[in-house]
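These notes are about the structure you will find just below.
Bear in mind these aren't lab numbers, they're just calculated from the coordinates by the rules spelled out. All values derive from a computational prediction rather than experimental measurement. We place every Cβ from the backbone using ideal geometry, glycine too, and count neighbours over all the protein chains shown.
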Amino acid sequence: MADVKVKPEVPDPMDIENRIIELCHQFPHGITDQVIQNDMPHMEAQQRAVAINRLLSMGQLDLLRSSTGLLYRIKDSQNASKMKGSDNQEKLVYQIIEDAGNKGIWSRDIRYKSNLPLTEINKILKNLESKKLIKAVKSVAASKKKVYMLYNLQPDRSVTGGAWYSDQDFESEFVEVLNQQCFKFLQSKAEAARDSKQNPMIQRNSSFASSHEVWKYICELGISKVELSMEDIETILNTLIYDGKVEMTIIAAKEGTVGSVDGQMRLYRAVSPLIQPTGLVRTPCGLCPVFDDCHEGGEISPSNCIYMTEWLEF
């Protein structure tokens, strides 16, 4: 009796696509071709490729590149509508920019991650910018370079420099005014405490002000054209601490107390030295908070220290 050869059943293309979608939901960070192959070992490579290409063309999958190879990830429905009509290369570049978040990504890094020619990347970036899907933002870290991020994102402070930068220029005068006004407020608080004629401990405690109080005072002055956060004000207060004009203490606070973070509140007060410091201590090195990190050839060094230069000129 002759052997009967059973023709293998050809899987339905829709079943293959649905299974790939299910795998992508199981592994939200993405799946490789090997994962699909292990899950459906009897499926031919051509059938697998047809199903994947169809899902990519319909905008249901994202194609990503990782150190281990290509990754397929389920696409968000909102992003799918945005990228409708775009080719796979444009979708890949958009996905790389989206993954960078509000810190953005340089075109050089896009080229590395996408493995596309620079001319093609520049063409895709211009097209995405014209559709208002992405935007280019100048970074204070490198004045001649731009980073790309999604159009609706607010750039991170590390990119824009925060409130202290305007068009990539450091606003030294603005910082100095804030420095003076914060110190003035703490001085008035200390003077009011001394004038109260209460016992020394009560005077000392009442001379402290929270960073929220200082922030509120600065906001009411209206000297800033940009919106300042409490973090910005604490940065200014830290400079006053480094200058020896202010001291800080941290106290426990009830949850929900205005100005508290994680059950703690920072309090600041103006201080006056009891005696004049010696000449050696008055050098910038004597008060420098990063003294241990300062060395010639490093990021912080005596040759590029602006405080040392000002002290020598004085």
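Tabulated results
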read-out: Computed over the chain: relative contact order in percent, which uses C-alpha pairs under 8 Å that are six or more apart; value: 9 percent
read-out: Signed unit charges on C-beta, dipole axis of the chain, positive-most listed residue GLN60, GLN95, LEU186; value: GLN60
read-out: Difference of contour (0.36 nm per residue) and Cα-Cα distance, THR119 to TRP311; value: 64.1 nm
read-out: Positive dipole terminus of the stretch 195-239, leading residue within GLN203, VAL226, THR239 (C-beta point charges); value: GLN203
read-out: Net charge dipole size for the chain [Lys, Arg +1 and Asp, Glu -1 on Cβ; Debye, nearest 20]; value: 560 debye
read-out: Dipole axis of the chain (+1 Lys, Arg; -1 Asp, Glu on Cβ), positive-most option in LEU71, CYS288, THR257; value: LEU71
read-out: Gain upon complete extension [ILE21, ASN102; 0.36 nm per residue less C-alpha separation]; value: 26.3 nm
read-out: Counting all C-alpha pairs of the chain, share separated by more than 31 Å (%); value: 57 percent
read-out: Debye log10 I(q)/I(0) for the stretch 147-273, one point scatterer per Cα, at q = 0.15 Å⁻¹; value: -0.78
read-out: Magnitude of the charge dipole, the stretch 93-179, Cβ model with Lys/Arg +1 and Asp/Glu -1, debye to 20; value: 580 debye
read-out: Magnitude of the charge dipole, the stretch 127-229, Cβ model with Lys/Arg +1 and Asp/Glu -1, debye to 20; value: 360 debye
